[in-house]
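One structure is given below, encoded as C-alpha cells.
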Amino acid sequence: MSHNPQDAGQLSMREVAGPFLILGVDKDADVATIDAHWAERVLWCRKGQSKLALEDVHWARDLLRDPARRAHADAASLNPDLASGEVRRLARLYHIDGSPPGWEPHDPEPPIELPAAVASDPDAIAAEFPTPDVPLELPATSRWLEHFGAAAIDPWGVDALG
C-alpha cells in the first residue's frame, strides 16, 4: 500500500525540500558527492535515523544524476542558499561533514542525585476526595461522571465521548 501525501492534504518531501536538500548537497555538487550523500542517506533511512522516505532519497539521486532533469530542478528551486555553498558551510559548522568538533564538551554542574520515587496507592488517594453532588438540572452529568470515573486514569487515552 503506497501512501500519497496529496490525499491527506500534505506536501511530499520532494515538493517541500527538493532533491538538493534531500541529499544535503549544493547545486554545484559533483557526481561523487551526490553518490556519497545518497549512500549516507540510504543508511540513515535503513537504520531509522531519518524521517526521509527511502524512495525520496533514490528519486533525488536519480534526478541529480540526469543532466536534463537536474537543470530543470536547478531552475525550479530558486534557493540561493544552495548556490552559495551554504549547505557545505552548515555541515562544517555543525561538524556533520566528518570533522571533529573544535571545542571540548564541558558540564559545569555535577549530575543531580534524585531520591527514589514512592508510588502511592490510587485507591487510597481516590478515597480522600469526596464525590460532588450532581445538580438536578444536569442529569447526564452523573452518567458521564460514572463512566469517566470507571475508566483507567490515562490522560492520553481517555475517551470522554464514548
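Of Glu55, Glu86, Glu104, which residue is closer than 22 Å to Glu40 by Cβ, among the charged types (D, E, K, R) and at pLDDT below 75?
Working: Glu55 fails: at pLDDT below 75; Glu104 fails: closer than 22 Å to Glu40 by Cβ.
Step by step, each of Glu55, Glu86, Glu104 is checked, and only Glu86 is closer than 22 Å to Glu40 by Cβ, among the charged types (D, E, K, R) and at pLDDT below 75.
May I ask you to list the residues in the range 21-69 that are free of Cβ contacts under 8 Å to residues at least 60 places away in the same chain and either closer than 19 Å to Tyr94 by Cα or touching a strand residue (DSSP E or B) at 6+ places or on another chain (Cβ under 7 Å) (or both)?
The first filter runs over the range 21-69 and keeps only residues free of Cβ contacts under 8 Å to residues at least 60 places away in the same chain, leaving 22-23, 27-69.
Residues satisfying the conditions are Ile22, Leu23, Thr33, Ala36, His37, Glu40, Arg41, Trp44, Gln49, Ser50.
Could you please let me know if Asp74 is within 28 Å of Ser12 (Cα to Cα), modelled with pLDDT of 75 or more and in a helix (DSSP H, G or I)? I'd like the intermediate steps shown before the answer.
On the way: within 28 Å of Ser12 (Cα to Cα): yes; modelled with pLDDT of 75 or more: yes; in a helix (DSSP H, G or I): yes.
Here the answer is yes, as Asp74 does meet what is asked.
Scan the range 1-52 for residues that are over 19 Å from the mean Cα position of the chain (by Cα), farther than 18 Å from His72 by Cα, modelled with pLDDT of 80 or more and not polar (S, T, N, Q) and jot them down.
Ala32, Asp35, Ala36, His37, Trp38, Ala39
Of everything in the range 30-66, what is in a helix (DSSP H, G or I) and in contact with a Cys (Cβ under 8 Å, 6 or more places away or on another chain)? Give them in sequence order.
Just the residues of the range 30-66 that are in a helix (DSSP H, G or I), to begin with: 31-47, 54-65.
Of everything in the range 30-66, those that are in a helix (DSSP H, G or I) and in contact with a Cys (Cβ under 8 Å, 6 or more places away or on another chain) turn out to be Leu54, Val57.
The values are calculated or read from the model by the stated rules, or taken from the named source; none is laboratory data. Only a predicted model underlies this, so the values are computations on that prediction, with no experimental measurement involved. Neighbour counts run over all protein chains shown; Cβ positions are idealised from the backbone, glycine included.
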